[in-house]
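The values are calculated or read from the model by the stated rules, or taken from the named source; none is laboratory data. Here the structure is a predicted model, which means the values were calculated and not measured. No Cβ is skipped: glycine too gets one built from the backbone with ideal geometry, and neighbour counts run over all protein chains shown.
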Amino acid sequence: MVDAQANNVSLSGALLSSPVAFEPGEEVVVVFNVPIARRPFSIPARVIRTVLATSTTGGWRYELGVQYFHLSSELLKIFNNFFVICSRGTSREIDAQVSFNNR
């Protein structure tokens, strides 16, 4: 399991900052900890792209674009509620972890 930060989240995928590079096409499981959810939830995804990123803090080194395979109706509801909260100006961070399916 690799700790990551979700920089941008949508209903189809996410942009994550990670200290570890993942290969495009690699299947992963992203575990999100959304502030309004009662528990963390997992979403199977595919890495679409990996870009080496410059970090001013020395923390994250790679940006990963991932595309979800499927969102359940429960996850759609959680994400939509989170987006409504964010659109009202209450910005919150989403912590994420990425696990390797085939490493």
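Under the condition of being in contact with a strand residue (DSSP E or B) (Cβ under 6 Å, 6 or more places away or on another chain) and over 22 Å from PHE79 (Cα atoms), the residues counted in region 3-20 number 1. Looking only at residues of region 1-20 that are of a type in the set (Val, Ile, Thr) and assigned to a strand (DSSP E or B), we find that the one that is farthest from GLN67 (Cα to Cα) is VAL2. Being touching a residue at least 24 places away in the same chain (Cβ under 8 Å), of a type in the set (Asp, Glu), in a strand (DSSP E or B) and in contact with a strand residue (DSSP E or B) (Cβ under 9 Å, 6 or more places away or on another chain) is a property that does not hold for GLU23. Total residues in region 24-41 satisfying the condition of being surrounded by 12 or more Cβ atoms within 10 Å (Cβ to Cβ) and at pLDDT 85 or above: the figure is 6.
Results for (1) within 14 Å of GLU23 (Cβ to Cβ); (2) without any contact (Cβ under 8 Å) to a residue 24 or more places away in the chain; (3) outside any strand (DSSP E or B), shown as yes or no for each residue.
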residue	(1), (2), (3)
SER42	no, yes, no
ARG46	yes, yes, no
THR50	yes, no, no
THR54	no, yes, yes
THR57	no, yes, yes
VAL66	yes, no, no
HIS70	no, no, yes
LEU76	no, no, yes
PHE79	no, no, yes
